[in-house]
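Chemist: The structure that follows is given in the form of structure tokens.
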There are 2 protein chains.
Amino acid sequence: MAYFVGIDLGGTRIKIALGDDKRILITRNVKARKELSFMSNIRIIEDTIKVICEEQKIMFMDISSIGFSFPSLVNNELKKVISTNDKFNDAKEFDWVEWSKSTFGAYISLENDARMACYGEWKSGAGRPFTDFVMMTLGTGVGTAVIMDGNPLVGKHFQAGNLGGHLTVDYAGALCSCGNRGCVEAEASSTALKRLVETHPKILESELKNRSKIDFATIFDLAESDLVALEIRDHCLDVWSAAIVNYIHAYDPEAIIISGGIMNSKKIILPYLREKVGGLAWSPWGHVAILSSELNDNAGVNGAFLMAKNEFEKHERKKIKLR
Amino acid sequence: MAYFVGIDLGGTRIKIALGDDKRILITRNVKARKELSFMSNIRIIEDTIKVICEEQKIMFMDISSIGFSFPSLVNNELKKVISTNDKFNDAKEFDWVEWSKSTFGAYISLENDARMACYGEWKSGAGRPFTDFVMMTLGTGVGTAVIMDGNPLVGKHFQAGNLGGHLTVDYAGALCSCGNRGCVEAEASSTALKRLVETHPKILESELKNRSKIDFATIFDLAESDLVALEIRDHCLDVWSAAIVNYIHAYDPEAIIISGGIMNSKKIILPYLREKVGGLAWSPWGHVAILSSELNDNAGVNGAFLMAKNEFEKHERKKIKLR
């Protein structure tokens with residue numbers, strides 16, 4: 001029996017799934033230690049896999065393939081981390097193939113976190129019906145990944161489809177942490193909320209001035225009764241609409257799938273985006289579907305597990321060919 | 001000997017190239033009659049091909065393959081025109097395969113004009129060194145096409161990469177003819193110039209108020225001495241910079257290749273765009289090259305000729321396989 005492990009390393013949590021060729025048998029969710037080195041986190045990962053393997057009476061050497069979702073740019077062909085955004089910096093020197101081989105005797109598949117979550121959503125979530133869609137994750141930042149013509153979009157430097165949060169929607173807009181101006185992320189993300197609230201001309205008339213913690217849940221709750229919260233909510237929805245129009249015009253997809261904690265308010269978000277985008281986007285064949293993610297936070301670990309399985313099957317097919 | 005014909009049908013001109021497998025032997029440039037039906041233009045095309053064939057002592061039946069560049073959305077697999085933008089409307093019912101077969105005994109390859117010009121630039125122009133680039137044509141509108149991973153980007157509905165003129169760069173900006181707001185084309189194109197000049201707050205202090213014809217050549221000439229012209233020029237350059245940043249973030253290319261009559265001023269345009277985009281775009285591996293087209297107006301007919309040749313070779317390879 002072949003077993004597979006999916007690992008989703010995030011800034012705060014590490015999610016691990018172990019399963020066979022039919023399904024995920026067990027998942028585990030442990031704290032990521034971004035204040036420590038990447039190597040320390042690898043030890044945490046190994047220990048966790050050891051525990052769940054013992055629980056399932058599976059040996060390390062029974063693991064055929066590993067899928068690893070890393071929270072920055074990776075070269076998925078050479079299996080190398082390209083950049084690290086100032087966390088897990090020593091991951092750039094890590095030898096992934098050697099690690100998975102010597103530790104588990106397994107193949108490994110390495111992918112950027114946004115693309116891995118998109119892969120998971122495609123193979124086992126809301127993306128199943130489509131060959132062409134854009135996944136958009138709304139949170140601290142705005143992340144994207146693209147499936148086009150039945151394949152993940154990769155690009156020359158491995159970042160095609162992943163910078164949808166940094167498409168300019170207002171070229172004279174707010175400075176973004178990336179160095180550009182008026183990015184989707186700079187105009188409407190959890191990070192942008194602070195500025196939007198503080199600089200709102202009517203902030204003194206708003207309940208928001210008394211809140212110490214301002215997140216999208218606060219904004220969406222208050223929007224029912226508070227004019228400033230309503231204006232900020234609608235501003236964000238308009239920015240996301242412009243972003244989605246750009247994804248449609250850039251990638252020509254069948255669907256946009258949105259994930260992130262904010263989709264708890266999908267009953268407000270989806271109808272708004274559908275109407276606004278429907279009126280703005282150029283799609284002579286009909287409307288692009290705008291949907292909510294099915295897997296949400298688990299899209300990444302699901303994707304990593306399924307990509308591990310896919311990597312193993314690729315190698316098996318190659319062996320059969322060679323015979 | 002196999003002969004090939006490339007046809008570039010534009011709104012005002014029809015360009016036709018006839019050649020063999022080594023080179024283009026002869027080109028001809030005739031007036032398009034967009035006030036007439038598409039079928040009338042097909043007759044003009046047939047007559048022109050007849051004339052140049054006679055000049056070259058080539059028979060219709062010696063033509064092995066046709067490449068056709070059409071100025072709107074096409075399904076390049078089924079070889080059908082999808083939409084027509086209110087000119088050559090009867091092209092939607094035209095049977096391209098039957099026409100090329102019965103008229104010339106030839107294969108046919110049909111493509112959208114922006115993608116065909118990009119193909120020409122890729123195979124025989126400034127795009128030769130690249131597997132991944134975006135071609136941007138500045139003119140009445142702003143057109144784009146993309147080569148990614150060594151293939152033209154097509155998308156689910158055949159318009160991926162072709163709507164770069166309709167990426168939003170100012171979501172609260174000017175209404176575009178496409179129905180969207182703040183498109184690149186609505187903010188900085190020949191069509192946008194009229195509005196930019198008329199609504200400029202200092203227009204009465206500018207030499208531009210006396211000009212009956214205002215095009216980019218006028219703006220770039222006057223910008224040396226006229227403050228309003230300078231501001232409008234720099235506004236357009238800033239919008240194009242934002243557009244290019246969006247192409248880089250969306251498609252992850254090695255290069256942006258710009259064509260259009262305005263590139264007569266490339267000595268001003270290219271350094272400006274390179275500096276501005278270099279400071280804004282997220283490209284950790286280095287700078288994306290920003291270059292001028294080599295083929296300009298002839299990219300389309302070159303692309304059509306080369307795609308005709310490619311289509312023929314594809315069929316020949318298939319025949320060899322079948323033997």
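Chemist: Check whether at least one residue in region A:195-203 is closer than 30 Å to residue B:276 by Cα, within 14 Å of chain B (Cβ to nearest Cβ) and assigned to a loop (DSSP other than H, G, I, E, B), and report yes or no.
Modeler: Within region A:195-203, not a single residue is closer than 30 Å to residue B:276 by Cα, within 14 Å of chain B (Cβ to nearest Cβ) and assigned to a loop (DSSP other than H, G, I, E, B).
Chemist: I need the helices (runs of 4 or more DSSP H) fully contained in region A:205-286, keeping only those with at least 2 residues that are within 14 Å of chain B (Cβ to nearest Cβ). Explain how you work it out, then say what you get.
Modeler: Values: elements: A:216-222, A:227-251, A:266-280.
Counting at least 2 such residues, we get A:227-251, A:266-280.
Chemist: With (1) under 24 Å from residue B:313 (Cα atoms); (2) surrounded by 20 or more Cβ atoms within 10 Å (Cβ to Cβ) as the list, and residue B:98 as the residue in question, which single condition is left unmet?
Modeler: Failing condition for residue B:98: (2).
Chemist: Only one of B:206, B:212 is surrounded by fewer than 23 Cβ atoms within 10 Å (Cβ to Cβ) and modelled with pLDDT under 95. Can you tell me which? Talk me through it step by step, then tell me what you get.
Modeler: Values: B:206 fails: modelled with pLDDT under 95.
So the residue among B:206, B:212 that is surrounded by fewer than 23 Cβ atoms within 10 Å (Cβ to Cβ) and modelled with pLDDT under 95 is B:212.
Chemist: Limited to region B:287-316, what total is found for residues that are part of a loop (DSSP other than H, G, I, E, B) and surrounded by fewer than 18 Cβ atoms within 10 Å (Cβ to Cβ)? Steps first, please.
Modeler: To start, the set of residues in region B:287-316 that are part of a loop (DSSP other than H, G, I, E, B) comprises B:287-288, B:293-295.
So of that shortlist, the ones also surrounded by fewer than 18 Cβ atoms within 10 Å (Cβ to Cβ) come out as B:287, B:294.
Total meeting the criteria: 2.
Chemist: Quick one: residue A:47 ticks every box in (1) under 30 Å from residue A:194 (Cα atoms); (2) in the same structural domain as residue A:311 (by TED's automatic domain parsing) bar one, so which box is it?
Modeler: Failing condition for residue A:47: (1).
Chemist: May I pose another question? If residue A:167 satisfies all but one of (1) away from every other protein chain (no Cβ under 12 Å); (2) in contact (Cβ under 8 Å) with a residue 40 or more places away in the chain, what's the number of the condition it fails?
Modeler: Against the list (1) away from every other protein chain (no Cβ under 12 Å); (2) in contact (Cβ under 8 Å) with a residue 40 or more places away in the chain, residue A:167 comes up short only on (1).
Chemist: Residue by residue through region A:1-29, note down the ones that are under 18 Å from the mean Cα position of the chain (by Cα) and either surrounded by 24 or more Cβ atoms within 10 Å (Cβ to Cβ) or part of a strand (DSSP E or B) (or both). Before the answer, list the steps.
Modeler: Within region A:1-29, the subset under 18 Å from the mean Cα position of the chain (by Cα) is A:6-17, A:29.
Correct list: A:6, A:7, A:8, A:9, A:13, A:14, A:15, A:16, A:17, A:29.
Chemist: Right, another one. Please state which of the following conditions residue A:181 fails to meet, knowing it meets all the rest: (1) closer than 27 Å to residue A:132 by Cα; (2) facing chain B (nearest Cβ under 10 Å).
Modeler: (1)
Chemist: Check A:86, A:149, A:95 and return the single one that is charged (D, E, K, R), at pLDDT 95 or above and in the same structural domain as residue A:313 (by TED's automatic domain parsing).
Modeler: Values: A:86 fails: at pLDDT 95 or above; A:149 fails: in the same structural domain as residue A:313 (by TED's automatic domain parsing).
Of A:86, A:149, A:95, the one residue that is charged (D, E, K, R), at pLDDT 95 or above and in the same structural domain as residue A:313 (by TED's automatic domain parsing) is A:95.
Chemist: Test residue A:161 against the stated conditions and say whether it is away from chain B (no Cβ under 12 Å), buried (at least 24 other Cβ atoms within 10 Å of the Cβ) and part of a loop (DSSP other than H, G, I, E, B). Step through it out loud before you land on a result.
Modeler: Values: away from chain B (no Cβ under 12 Å): no; buried (at least 24 other Cβ atoms within 10 Å of the Cβ): yes; part of a loop (DSSP other than H, G, I, E, B): yes.
For residue A:161, the condition - away from chain B (no Cβ under 12 Å), buried (at least 24 other Cβ atoms within 10 Å of the Cβ) and part of a loop (DSSP other than H, G, I, E, B) - is not met.
Matching residues to (1) surrounded by fewer than 24 Cβ atoms within 10 Å (Cβ to Cβ); (2) more than 9 Å from chain B (Cβ to nearest Cβ); (3) out of contact with any helix residue (DSSP H, G or I) (no Cβ under 7 Å at 6 or more places or on another chain); (4) in a loop (DSSP other than H, G, I, E, B):
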| position | (1), (2), (3), (4) |
| --- | --- |
| A:123 | yes, yes, no, no |
| A:126 | yes, yes, yes, yes |
| A:144 | no, yes, no, no |
| A:156 | yes, no, yes, yes |
| A:173 | yes, no, no, yes |
| A:186 | no, yes, no, no |
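Chemist: As an exercise: evaluate residue A:86 against (1) acidic (Asp, Glu); (2) in contact (Cβ under 8 Å) with a residue 12 or more places away in the chain; (3) more than 24 Å from residue A:295 (Cβ to Cβ) and give the number of the one condition it does not meet.
Modeler: The one condition residue A:86 does not meet is (2).
Chemist: Might you let me know whether region A:130-141 holds any residue that is in contact with a Phe, Trp or Tyr (Cβ under 8 Å, 6 or more places away or on another chain) and free of Cβ contacts under 8 Å to residues at least 24 places away in the same chain?
Modeler: Taking every residue of region A:130-141 in turn, none turns out to be in contact with a Phe, Trp or Tyr (Cβ under 8 Å, 6 or more places away or on another chain) and free of Cβ contacts under 8 Å to residues at least 24 places away in the same chain.
Chemist: Looking at residue A:137 and the list (1) part of a helix (DSSP H, G or I); (2) within 21 Å of residue B:251 (Cα to Cα); (3) more than 14 Å from chain B (Cβ to nearest Cβ), which single condition is not satisfied?
Modeler: Result: residue A:137 passes all but (1).
Chemist: Tell me which residues, restricted to region A:184-198, are among the β-branched types (Val, Ile, Thr) and more than 25 Å from residue B:242 (Cα to Cα).
Modeler: Scanning region A:184-198 gives a single hit, A:197.
Chemist: If you don't mind, there's one more thing I want to ask. Given the structure, is residue B:179 surrounded by fewer than 24 Cβ atoms within 10 Å (Cβ to Cβ), assigned to a loop (DSSP other than H, G, I, E, B) and on the phi > 0 side of the Ramachandran plot?
Modeler: Numbers: surrounded by fewer than 24 Cβ atoms within 10 Å (Cβ to Cβ): yes; assigned to a loop (DSSP other than H, G, I, E, B): yes; on the phi > 0 side of the Ramachandran plot: yes.
In short, yes.
Chemist: Would you check which residues across region A:35-71 are assigned to a loop (DSSP other than H, G, I, E, B) and either crowded, with 17+ Cβ neighbours inside 10 Å or without any contact (Cβ under 8 Å) to a residue 40 or more places away in the chain (or both) and list them?
Modeler: First, pick out the residues of region A:35-71 that are assigned to a loop (DSSP other than H, G, I, E, B): A:35-37, A:57-59, A:71.
Answer for region A:35-71, where residues must be assigned to a loop (DSSP other than H, G, I, E, B) and either crowded, with 17+ Cβ neighbours inside 10 Å or without any contact (Cβ under 8 Å) to a residue 40 or more places away in the chain (or both): A:35, A:36, A:57, A:58, A:59, A:71.
The values are calculated or read from the model by the stated rules, or taken from the named source; none is laboratory data. Here the structure is a predicted model, which is why all the values come from computation and not from measurement. Positions of Cβ are generated from backbone atoms using ideal geometry, with glycine treated the same way; all protein chains shown enter the neighbour counts.
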